[in-house]
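Worksheet for the structure shown next.
The values are calculated or read from the model by the stated rules, or taken from the named source; none is laboratory data. Here the structure is a predicted model, which is why all the values come from computation and not from measurement. Quick reminder, even Gly has a Cβ in these numbers, built from the backbone with ideal geometry, and neighbours come from all protein chains shown. What goes into the accessible areas is simple: the full protein's heavy atoms, side chains included, and nothing from ligands, DNA or RNA. Shrake-Rupley method; radii C 1.70, N 1.55, O 1.52, S 1.80 Å.
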Amino acid sequence: VQLQASGGGLVQPGGSLRLSCKVSESIFSFNVLGWYRQAPGKQREMVAILTSGSVTNYAGPVKGRFTISRDNARNTVYLQMNNLKPEDTAVYYCNSVALVGVYWGQGTLVTVSS
(Lines give C-alpha, C1' and ligand atoms only; values in the text may rest on other atoms or scores of the structure.)
Protein backbone atom coordinates (compact mmCIF):
# COMPACT_ATOMS: atom_id res chain seq x y z
CA VAL A 1 0.00 0.00 0.00
CA GLN A 2 1.34 3.43 -0.95
CA LEU A 3 0.14 6.77 0.32
CA GLN A 4 1.15 9.95 -1.51
CA ALA A 5 0.60 13.19 0.39
CA SER A 6 0.61 16.57 -1.31
CA GLY A 7 -0.63 20.11 -0.93
CA GLY A 8 1.75 21.53 1.64
CA GLY A 9 3.45 24.87 1.30
CA LEU A 10 4.02 28.29 2.78
CA VAL A 11 0.95 30.20 3.91
CA GLN A 12 0.38 33.33 5.96
CA PRO A 13 -1.39 33.17 9.32
CA GLY A 14 -5.14 33.08 8.79
CA GLY A 15 -4.75 31.40 5.41
CA SER A 16 -5.95 28.03 4.17
CA LEU A 17 -4.50 24.92 2.60
CA ARG A 18 -5.94 21.61 1.49
CA LEU A 19 -3.80 18.52 1.83
CA SER A 20 -4.47 15.45 -0.28
CA CYS A 21 -3.46 11.84 0.28
CA LYS A 22 -3.77 9.50 -2.68
CA VAL A 23 -3.98 5.85 -1.65
CA SER A 24 -2.90 3.10 -4.01
CA GLU A 25 -5.75 0.80 -3.00
CA SER A 26 -9.44 1.23 -2.40
CA ILE A 27 -9.92 3.24 0.76
CA PHE A 28 -12.84 0.96 1.57
CA SER A 29 -10.10 -1.48 2.66
CA PHE A 30 -9.17 0.62 5.67
CA ASN A 31 -10.79 0.93 9.06
CA VAL A 32 -9.31 4.33 9.80
CA LEU A 33 -7.82 7.09 7.68
CA GLY A 34 -5.99 9.93 9.30
CA TRP A 35 -3.63 12.85 9.31
CA TYR A 36 -0.78 13.31 11.76
CA ARG A 37 1.85 16.00 12.08
CA GLN A 38 5.30 16.41 13.51
CA ALA A 39 6.68 19.82 14.36
CA PRO A 40 10.44 20.41 14.72
CA GLY A 41 11.67 18.95 17.98
CA LYS A 42 8.32 17.42 18.85
CA GLN A 43 6.74 14.01 18.66
CA ARG A 44 4.30 13.05 15.94
CA GLU A 45 0.72 13.75 16.96
CA MET A 46 -2.73 12.93 15.66
CA VAL A 47 -4.48 15.77 13.86
CA ALA A 48 -7.66 14.16 12.52
CA ILE A 49 -9.01 10.68 11.88
CA LEU A 50 -11.95 9.34 9.91
CA THR A 51 -13.33 5.87 10.47
CA SER A 52 -14.98 3.57 7.98
CA GLY A 53 -18.23 4.45 9.71
CA SER A 54 -17.65 8.12 8.93
CA VAL A 55 -16.90 9.06 12.52
CA THR A 56 -14.36 11.85 12.85
CA ASN A 57 -12.08 12.87 15.68
CA TYR A 58 -9.90 15.96 15.85
CA ALA A 59 -7.10 17.10 18.08
CA GLY A 60 -8.15 19.91 20.36
CA PRO A 61 -5.99 22.65 18.79
CA VAL A 62 -7.47 22.10 15.31
CA LYS A 63 -11.14 21.58 16.15
CA GLY A 64 -13.33 23.97 14.23
CA ARG A 65 -10.50 24.86 11.83
CA PHE A 66 -9.59 21.57 10.13
CA THR A 67 -11.86 19.12 8.31
CA ILE A 68 -10.99 15.59 7.22
CA SER A 69 -12.89 14.07 4.32
CA ARG A 70 -12.53 11.39 1.68
CA ASP A 71 -13.37 10.81 -1.95
CA ASN A 72 -13.99 7.09 -2.37
CA ALA A 73 -13.99 7.25 -6.15
CA ARG A 74 -10.54 8.86 -6.17
CA ASN A 75 -9.14 6.82 -3.23
CA THR A 76 -8.11 10.12 -1.71
CA VAL A 77 -8.27 11.58 1.78
CA TYR A 78 -8.25 15.34 2.31
CA LEU A 79 -7.44 17.68 5.14
CA GLN A 80 -8.92 21.14 4.73
CA MET A 81 -7.07 23.54 6.99
CA ASN A 82 -8.51 27.00 7.63
CA ASN A 83 -7.40 29.89 9.81
CA LEU A 84 -3.90 28.49 9.97
CA LYS A 85 -1.63 29.54 12.82
CA PRO A 86 2.15 29.53 13.14
CA GLU A 87 1.86 26.63 15.60
CA ASP A 88 0.37 24.52 12.80
CA THR A 89 3.78 24.50 11.13
CA ALA A 90 4.83 20.87 10.77
CA VAL A 91 5.32 17.97 8.42
CA TYR A 92 1.92 16.41 7.85
CA TYR A 93 1.60 12.68 7.28
CA CYS A 94 -1.37 10.69 6.09
CA ASN A 95 -2.07 7.34 7.66
CA SER A 96 -4.27 4.37 7.02
CA VAL A 97 -5.11 1.46 9.30
CA ALA A 98 -6.30 -1.90 8.06
CA LEU A 99 -6.64 -5.31 9.71
CA VAL A 100 -3.37 -6.34 8.08
CA GLY A 101 -1.28 -3.30 8.91
CA VAL A 102 -0.68 0.41 9.37
CA TYR A 103 0.58 2.53 6.49
CA TRP A 104 2.16 5.99 6.29
CA GLY A 105 2.67 8.50 3.53
CA GLN A 106 5.93 10.39 3.05
CA GLY A 107 4.83 13.69 4.58
CA THR A 108 4.22 17.15 3.24
CA LEU A 109 5.57 20.31 4.85
CA VAL A 110 3.22 23.06 5.96
CA THR A 111 4.80 26.35 7.02
CA VAL A 112 2.64 29.09 8.48
CA SER A 113 4.54 32.35 8.60
CA SER A 114 4.22 35.98 7.71
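The fraction of all Cα pairs in the stretch 1-47 landing in successive 10 Å bins from 0 to the largest distance is 19, 45, 30, 6, given as whole percents. Anyone know which of 42, 63, 85 comes out most mobile in the 10 Å Cα GNM of the chain? Ranking 42, 63, 85 by mean-square fluctuation puts 42 first.
Computed from phi, the 3J(HN,Hα) profile of the stretch 44-54 under the Karplus parametrisation 6.51, -1.76, 1.60 (θ = phi - 60°) reads 5, 9, 6, 9, 7, 9, 9, 8, 5, x, 6 Hz, with x in place of Gly and Pro. Among residues other than residue 108 with Cβ under 12 Å from its Cβ, the summed charge is +3 (Lys and Arg +1, Asp and Glu -1). When the surface is traced with a 1.4 Å probe over the full set of protein chains, residue 104 keeps roughly 110 Å² accessible. Computed over neighbours whose Cβ is under 11 Å from that of residue 6, the net charge equals +2, Lys and Arg +1, Asp and Glu -1.
All other residues with a Cβ under 10 Å from the Cβ of residue 79 taken together, and with Lys, Arg as +1 and Asp, Glu as -1, what is their net charge? That works out to +2. Kirkwood-based Rg over Rh for the chain (C-alpha set), two decimals? Ratio of gyration radius to Kirkwood radius: 0.95. Taking 0.36 nm per residue of sequence separation and subtracting the Cα-Cα distance, how much length would be gained by fully extending the chain between residue 18 and residue 111, in nm to one decimal? Using 0.36 nm per residue and subtracting the Cα-Cα distance, I get 32.2 nm.
Using a simple spin-label model with pseudo-atoms 7 Å out from Cα toward Cβ, residue 56 and residue 74 lie 1.6 nm apart.
Using the reciprocal of the averaged 1/r over all distinct C-alpha pairs, how large is the Kirkwood radius of the stretch 28-68 in Å?
Working: mean 1/r = 0.0909 Å⁻¹.
Hydrodynamic radius (Kirkwood, Cα pairs) of the stretch 28-68 is 11.0 Å.
Normalised by the residues of the stretch 1-91, what does the relative contact order come to in percent, with Cα pairs under 8 Å and at least six apart? Once divided by the residue count of the stretch 1-91, the mean separation gives 33 percent.
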